[in-house]
Amino acid sequence: SRLTSLEWKGWDATAAVAQGVNVVNDCKPYCAAGTFRSYAVVVRLDDARSWEKQPDLRQYTRMTLTYTGDRPEGSARAVTYPLWG
């Protein structure tokens, strides 16, 4: 999956929010022969924490994708991923 056409609506120390498209391979009948499908999403980055290598800098540690219309088969309306594991 990849995020494209991101249009940032807001960005501050606590969160960043964008609207865009999540392009996802449906992997049918298998991933190499799958079709890439596009889904409208709101992307939210948040849970900012100090960066280990430079504690005076902060980084967002969580990303949530919220599908605003159709969504990939089997996917929840909102999906959260950790960043910088």
Answer residue from region 48-70, given it is touching a residue at least 24 places away in the same chain (Cβ under 8 Å) and in contact with a Lys or Arg (Cβ under 6 Å, 6 or more places away or on another chain) and is nearest to residue 16 (Cα to Cα) among those: 48
Long-range neighbours under 8 Å by Cβ, at least six apart or interchain, first residue among the aromatic types (Phe, Trp, Tyr) within region 1-25, second at pLDDT 95 or above and open to solvent by less than 90 Å² (accessible area, probe 1.4 Å): 8/16; 8/17; 8/18; 11/17
Residue 35 being over 13 Å from residue 2 (Cα atoms) and in contact (Cβ under 8 Å) with a residue 24 or more places away in the chain: no
Given (1) surrounded by 13 or more Cβ atoms within 10 Å (Cβ to Cβ); (2) under 12 Å from the mean Cα position of the chain (by Cα), number of the condition residue 81 does not satisfy: (1)
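The values are calculated or read from the model by the stated rules, or taken from the named source; none is laboratory data. As the structure is a computational prediction, the values presented were derived from the model and not from experiment. A quick note on method: Cβ atoms are made from the backbone with ideal geometry, for glycine too, and the neighbour counts reach across all protein chains shown. Areas reflect the complete protein model, heavy atoms only, side chains present, ligands, DNA and RNA absent. Shrake-Rupley method; radii C 1.70, N 1.55, O 1.52, S 1.80 Å.
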